[in-house]
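A.B. asks: I have a structure here, written as structure tokens, and I will follow up with some questions on it.
The values are calculated or read from the model by the stated rules, or taken from the named source; none is laboratory data. What you see is a predicted model, and the numbers here were worked out from it, not measured in a lab. Here the Cβ positions follow ideal geometry from the backbone for every residue, glycine too, while neighbour counts run over all protein chains shown.
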Amino acid sequence: MLGNTADKRVAAVTLNGLGDPIDRVDLDAEALPEFVAAQESAAHPRWVWSDAPSWYSPLLAAGVTVDRCHDLRLCHAILRHTELVTDRTALVEAARWDAAPGAVEPKAPDSSALFEIEDDTERIAAEVPHDIDEARREFERQRTAIAASSDPGRLQLLLAAESAGALAGVEMGAAGVPWDEEEHGRILTETLGRRPSPGQKPVKMVELADAVRDALGDPDASLDSPPKLLRSLRRAGISVDSTSRWELEDQQHPAIEPLLKYKRLARLYSANGWAWLDEWVRDGRYHPVYVPGGVVTGRWASSGGGALQLPRALRPALRADPGWMLVSADVAQLEPRVLAAMAGDTAMAAAGRGTDLYSGIVESGVVATRQDAKLAVLGALYGSTTGDSGRLVPQLRRIFPSAMAVVDRAAATGEQGGVVSTWLGRSSQPPGDEWRGVQARASQPTASSAEERRARSSARSQGRFTRNFVVQGTAAEWALAWIADLRLRLARMEPARDARPARASGHAFEHRPHLVFFLHDEVIVHAPAEQAEDAAEAVRASAVAAGRLLFGDAPVDFPLDVQIAERAVKE
DNA sequence: AACAGTTGCGCG
DNA sequence: AAAGCGCGCAACTGTT
């Protein structure tokens, strides 16, 4: 366990299997990387620390990697909500651990940077405590909670996977995605025209905007302000209620085509244009900031750089260094497969036996086309009740009763204000006071029909959330197990000393395959060309391992689409 | 001028 | 409010 001491040094405490301290050394912060590296090569310990970004970024910057950790902040967040632990009082009271992740900048953790808040309002500290005594106490609380839980093994699995994800997130942010700035520039110029001078718009946007104004007969129409644009459109006789693409698409008017095109260009320009390139790409590397566990379901979020929203049009800009390759892999239909495994639904598992679960459903004869199968499955996972999607759900309920029972039960629990949990035990947060108030009022005999409608609607909405939570959250667990296993496999591969170092990847990954991108159900590994096949094999092996780890021998496949290429282009 | 809230669209 | 989940971000609007 690592933590800061009162005299601005770092304490490294060795714990035995019972969590009791058996040894302690105090070090200067500068001596930490060397100490950690030595321990790592001797014993591969599990490092217990306040928060991975705070501790691991400086270690990585010094070229030191670790295999395993226990991230107290992330584990606290899981444990203080999980249904698997009945008495969570101590964890809930340790509110300082409900805090934002540490900064990713390579700087030494410093507990003196924290400030206490005297308010009685329920504000949280900016960061978790980084000192050794607080860490010891929190770890003890967590050990106690796990031991008292209804399934310690399962929870340990979740906490280990979550912590491994924290390591992977720091590593990927540090390594960065190899990025072809010239290719990105070419795409921008081709789509938008040359880079405009500050304050100007790209020439192709200006041309389209003129075409729209012409067609509307409104030389002053503003295209960038939805309310103003809406008024212009209606003045021109186009009856829409919003300026959204889906609504504009149905309209017949000469202004529509250039307007939709303008919106596409405006999006690219503002979200991933030259300004983005300047801010997020340096020395041929895109450095996103991942936030593991940042989504309520356990999915990762990102903060800055929009790592989770890279438009597919920009995928050609992801390019391996010379002498290296990108190994891109994604899982086909992860969520329905996870549902089939959770539910032990053999019919659904059988439909997923091939590489395309949707085609498998079509073969069962219950729906006519692949598109219908997809709509039906999405409707089942999201809780559609009307439209094409909702209409198909009952068909699915007939042939996959066990799978549907799992999501239907989760929805029913949510509608009653209850808590649901993922396969490994991440629990949803119960709805808040406002939601309860609405339900309580609607159940009074004096309730108006408007109040009843509102209560019904918010109950349904909570049901859709819990319905999706169990599937999305368990899929996130599968994906965590996948990258947790994968990063260790890659780290164990022999370094390719002859490979031309990937520029600016940081010395920890200079000569070896490493993860550079992760997005819910897909990964990209940057690998020396001669190791690309091995890396691809590791990606496949890890997917198999993840399925085993979560679901044992359940007959559910998680087929991958794996591509080895210089560029990460799909299809 | 700074801030929160809304809209629209990118991703899974 | 698209028929239905989870996000982040930029730009604009309206308030302070």
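A.B. asks: Report every pair of residues separated by at least 6 positions or lying on different chains whose Cβ atoms are under 6 Å apart, first residue within the range A:137-154 and on the phi > 0 side of the Ramachandran plot, second small (Gly, Ala, Ser).
C.D. replies: Listed pairs, sorted by first residue: none to list.
A.B. asks: Given the condition charged (D, E, K, R) and in a helix (DSSP H, G or I), answer yes or no: does some residue in the range A:274-281 qualify? Break it down stepwise before answering.
C.D. replies: Quick first cut of the range A:274-281, residues charged (D, E, K, R) only: A:278-279.
With the extra rule that they be in a helix (DSSP H, G or I), the set shrinks to A:278-279.
Scanning the range A:274-281 turns up at least one residue that is charged (D, E, K, R) and in a helix (DSSP H, G or I).
A.B. asks: Right, here's the next one. For the range A:497-542, enumerate the residues that are within 16 Å of A:TRP179 (Cβ to Cβ), among the charged types (D, E, K, R) and buried (at least 20 other Cβ atoms within 10 Å of the Cβ).
C.D. replies: Correct list: empty.
A.B. asks: Considering every residue within the range A:390-403, establish whether at least one is surrounded by fewer than 21 Cβ atoms within 10 Å (Cβ to Cβ), of a type in the set (Phe, Trp, Tyr) and assigned by TED's automatic domain parsing to the domain that holds A:ASN468.
C.D. replies: Taking every residue of the range A:390-403 in turn, none turns out to be surrounded by fewer than 21 Cβ atoms within 10 Å (Cβ to Cβ), of a type in the set (Phe, Trp, Tyr) and assigned by TED's automatic domain parsing to the domain that holds A:ASN468.
A.B. asks: If I ask for residues that are surrounded by fewer than 17 Cβ atoms within 10 Å (Cβ to Cβ), assigned to a loop (DSSP other than H, G, I, E, B) and near DNA strand B (Cβ under 10 Å from one of its atoms), which ones from the range A:303-323 would you list?
C.D. replies: A:GLY306, A:PRO311
A.B. asks: Can you list residue pairs whose Cβ atoms sit under 7 Å apart, with the first residue in the range A:211-238 being outside the structural domain of A:ARG267 (by TED's automatic domain parsing) and the second being of a type in the set (Val, Ile, Thr) and exposed (fewer than 12 other Cβ atoms within 10 Å of the Cβ)? Count only pairs 6 or more apart in sequence or on different chains.
C.D. replies: none
A.B. asks: Another question, then. Among the residues of the range A:405-438, write down those that are in contact with a Pro (Cβ under 9 Å, 6 or more places away or on another chain) and either among the small types (Gly, Ala, Ser) or buried (at least 20 other Cβ atoms within 10 Å of the Cβ) (or both).
C.D. replies: Of everything in the range A:405-438, those that are in contact with a Pro (Cβ under 9 Å, 6 or more places away or on another chain) and either among the small types (Gly, Ala, Ser) or buried (at least 20 other Cβ atoms within 10 Å of the Cβ) (or both) turn out to be A:GLY414, A:GLY417, A:GLY418.
A.B. asks: A:GLN333 passes all but one of (1) away from DNA strand C (no atom under 16 Å from the Cβ); (2) more than 14 Å from A:ARG285 (Cα to Cα); (3) at pLDDT 95 or above; which number fails?
C.D. replies: Against the list (1) away from DNA strand C (no atom under 16 Å from the Cβ); (2) more than 14 Å from A:ARG285 (Cα to Cα); (3) at pLDDT 95 or above, A:GLN333 comes up short only on (1).
A.B. asks: Yes or no: A:ARG264 surrounded by fewer than 20 Cβ atoms within 10 Å (Cβ to Cβ), without any contact (Cβ under 8 Å) to a residue 24 or more places away in the chain and more than 8 Å from DNA strand C (Cβ to nearest atom)?
C.D. replies: For A:ARG264, the condition - surrounded by fewer than 20 Cβ atoms within 10 Å (Cβ to Cβ), without any contact (Cβ under 8 Å) to a residue 24 or more places away in the chain and more than 8 Å from DNA strand C (Cβ to nearest atom) - is met.
A.B. asks: Something else: Out of the helices (runs of 4 or more DSSP H) lying entirely within the range A:35-98, which hold 3 or more residues that are surrounded by fewer than 17 Cβ atoms within 10 Å (Cβ to Cβ) and either free of Cβ contacts under 8 Å to residues at least 60 places away in the same chain or under 23 Å from the mean Cα position of the chain (by Cα) (or both)?
C.D. replies: The qualifying helices (runs of 4 or more DSSP H) are A:89-93.
A.B. asks: Show the residue pairs meeting these rules: Cβ distance below 8 Å; 6+ apart or different chains; first residue within the range A:298-323 and touching a residue at least 40 places away in the same chain (Cβ under 8 Å); second residue polar (S, T, N, Q) and assigned to a loop (DSSP other than H, G, I, E, B).
C.D. replies: So the pair list comes out as A:GLY298/A:THR422.
A.B. asks: Kindly provide the set of residues from the range A:231-248 that are within 15 Å of DNA strand C (Cβ to nearest atom) and not small (Gly, Ala, Ser), ordered by number.
C.D. replies: Selection gives A:ARG231, A:LEU233, A:VAL240, A:ASP241, A:THR243, A:ARG245, A:TRP246, A:GLU247, A:LEU248.
A.B. asks: Looking only at the range A:9-34, which residues are part of a loop (DSSP other than H, G, I, E, B) and modelled with pLDDT of 95 or more? Step through it out loud before you land on a result.
C.D. replies: Just the residues of the range A:9-34 that are part of a loop (DSSP other than H, G, I, E, B), to begin with: A:9, A:16-20, A:28.
Hits for the range A:9-34 are A:ARG9, A:ASP28.
A.B. asks: Also, I was wondering about something else. Scan the range A:171-178 and tell me whether some residue there is under 30 Å from A:ASP7 (Cα atoms) and among the β-branched types (Val, Ile, Thr).
C.D. replies: Pass one, the range A:171-178, residues under 30 Å from A:ASP7 (Cα atoms): A:171, A:174.
Imposing the further condition that a residue be among the β-branched types (Val, Ile, Thr) reduces the set to none.
Within the range A:171-178 (the criterion being under 30 Å from A:ASP7 (Cα atoms) and among the β-branched types (Val, Ile, Thr)), the answer is no, since none of the residues qualifies.
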